Amino acid sequence: MDLLVVGATGTLGRQVARQALDRGYQVRCLVRNLRKAAFLKEWGAELVKGDICDAKTLPPALEGIDAVIDAATARATDSLGIKQVDWEGKVQLIQAVKAAGIERYIFFSILNAEKHTDVPLMDIKYCTELFLAEAGLNYTVLQLCGFMQGLIGQYAIPILDNQTVWVTGESTPIAYMNTQDIAKFAVRALEVPETEKRTFPVVGSRPWKADEIINLCERLSGKNAKISRLPLSLLRLMRRVTRFFQLSQNASERLAFAEVLASGEPLDAPMEEVYQVFGLDPKETTTLETYMEEYFNRILKKLKEIDYEKNKTKKKKKTPFKSVSQ
Ligand SMILES: NC(=O)c1ccc[n+]([C@@H]2O[C@H](COP(=O)([O-])OP(=O)(O)OC[C@H]3O[C@@H](n4cnc5c(N)ncnc54)[C@H](OP(=O)(O)O)[C@@H]3O)[C@@H](O)[C@H]2O)c1
């Protein structure tokens, strides 16, 4: 099967490309910057330059393709916002897929999007789910809630670096998942006809509160976290202020999303049936403890090596002085 991965330079998209290549798919990636995507070529994927917001770049990228896995989303740093990329771009992509006669389309949404249509990103995700169903494709929607990869920058690094860890609102428990495990579900969907025209939650083994993650990081790093709590009311005020200035529209949309994550309502879903349908084993899914343990073991080993090298260089510098003084 020839597969097009969109958003393959991203956190999840690269794992999808990796997993698909490992399972023997011919993988083509639609990328905006060929240089940034060079690693995907090294892995064995074909690269096609394109942009979902530039309709003319889509038909050549879709030529000869049997299925699309779409992991693209607006970057916080981009000039284009959620509306242009996650809505207008996706509509163009879905229309181009349909016009190319491709039937299979895997889309990543957000868990509970339909409950928070006042939040732009959630509303767009929900509308895209509906649009996909109406387009008549053999879609599969995977509703995600949070990536373990994001926890490194949010908690692990600040704790290691004695920096402040920011905790917002009520500390919503979130069932984080490793993107490598999410990628398994996405690629597996292509092989399981029972997943067609259906929507599934794809979330981690249990929900975690911010304080639990901080405790885990403290234990694994041997350091105490400096915690600052940002009240929900302040988050709301920041959103109103940023929304007022057109330039910070992107920031305002992201703060609205952060507000949902800080509301205290757990982001979790039952997964037993999902594992059964996809024919995957829950025991093979990474737990947050294992993920963090592996991260801290790797980073602490690296820090020890750097320390050792530094001490060695210091000793070498000291030796001539010692021999002169002797
Ligand atoms: N992160 C989370 O915790 C989370 C939670 C729930 C759902 N999701 C969903 O999971 C999916 C993957 O998210 P992620 O965090 O892995 O994304 P990410 O790391 O931010 O990567 C975004 C990807 O989209 C690409 N992209 C952006 N604009 C594009 C455009 N106009 N045309 C083509 N490609 C474009 C980026 O390419 P460049 O490298 O060129 O910028 C990059 O490859 C998204 O659908 C997201 O909504 C994420």
Restricting attention to the range 52-73, which residues are assigned to a helix (DSSP H, G or I) and within 9 Å of the ligand (Cβ to nearest atom)? Thr57
Among the residues of the range 102-114, what is the count of those that are assigned to a helix (DSSP H, G or I) and either of a type outside the set (A, V, I, L, M, F, W, C) or open to solvent by 40 Å² or more (accessible area, probe 1.4 Å) (or both)? 1
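Please indicate, with yes or no, whether at least one residue in the range 87-100 is under 21 Å from Val203 (Cα atoms) and in contact with a Ser or Thr (Cβ under 7 Å, 6 or more places away or on another chain).
Taking the range 87-100 and keeping what is under 21 Å from Val203 (Cα atoms), we get none.
No, that holds for no residue.
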Give all pairs with beta carbons closer than 9 Å in which a residue from the range 1-28 that is surrounded by fewer than 23 Cβ atoms within 10 Å (Cβ to Cβ) meets a residue that is at pLDDT below 95 and of a type in the set (Lys, Arg); count only pairs at least 6 apart in sequence or on separate chains. Gly10/Arg75
If you scan the range 1-28, which residues turn out to be within 11 Å of the ligand (Cβ to nearest atom) and touching an Asp or Glu at 6+ places or on another chain (Cβ under 7 Å)? Val6, Gly7
When the range 124-139 is examined, which residues are found to be buried (at least 23 other Cβ atoms within 10 Å of the Cβ) and of a type in the set (Phe, Trp, Tyr)? Tyr139
For Leu40, indicate whether it is touching a Cys at 6+ places or on another chain (Cβ under 7 Å), outside any helix (DSSP H, G or I), within 13 Å of the ligand (Cβ to nearest atom) and at negative phi. no
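Collect the residues in the range 140-150 that are open to solvent by less than 30 Å² (accessible area, probe 1.4 Å) and not β-branched (Val, Ile, Thr), keeping them in residue-number order.
Selection gives Leu142, Gln143, Leu144, Cys145, Gly146, Met148.
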Given Thr117, Thr77, which one is of a type in the set (S, T, N, Q), open to solvent by 50 Å² or more (accessible area, probe 1.4 Å) and more than 19 Å from Gly10 (Cβ to Cβ)? Thr117
Of those in the range 79-101 that are aliphatic (A, V, I, L, M) and outside any helix (DSSP H, G or I), the residue farthest from Ala67 (Cα to Cα) is Leu80
Taking the options Leu111, Leu121, name whichever one is touching a helix residue (DSSP H, G or I) at 6+ places or on another chain (Cβ under 8 Å) and under 26 Å from Thr199 (Cα atoms). Leu121
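What are the residues in the range 165-197 that are modelled with pLDDT under 95, open to solvent by 50 Å² or more (accessible area, probe 1.4 Å) and under 24 Å from Glu293 (Cβ atoms), if any?
As a first pass, look at the range 165-197 and keep what is modelled with pLDDT under 95: 165-174.
Then keep just the ones that are open to solvent by 50 Å² or more (accessible area, probe 1.4 Å); that gives 166, 170.
Residue satisfying the conditions is Trp166 alone.
So, in the range 268-282, of the ones that are open to solvent by less than 40 Å² (accessible area, probe 1.4 Å) and either part of a helix (DSSP H, G or I) or at pLDDT below 95 (or both), which residue ends up nearest to Lys184 (Cα to Cα)?
First pass over the range 268-282, keeping only residues open to solvent by less than 40 Å² (accessible area, probe 1.4 Å): 269, 271, 274-275, 277-278.
Still in the running and either part of a helix (DSSP H, G or I) or at pLDDT below 95 (or both): 274-275, 277-278.
Working: Val274: 12, Tyr275: 11, Val277: 13, Phe278: 9 Å.
Ranking the qualifying residues of the range 268-282, first place goes to Phe278.
The values are calculated or read from the model by the stated rules, or taken from the named source; none is laboratory data. Remember, predicted model here, so these are calculated numbers, not experimental data. Note that we place each Cβ from the backbone using ideal geometry, even for glycine, and neighbour counts take in every protein chain shown. Note: accessible area is taken over every heavy atom of the protein model, side chains too, but ligands, DNA and RNA are not part of it. Shrake-Rupley method; radii C 1.70, N 1.55, O 1.52, S 1.80 Å.
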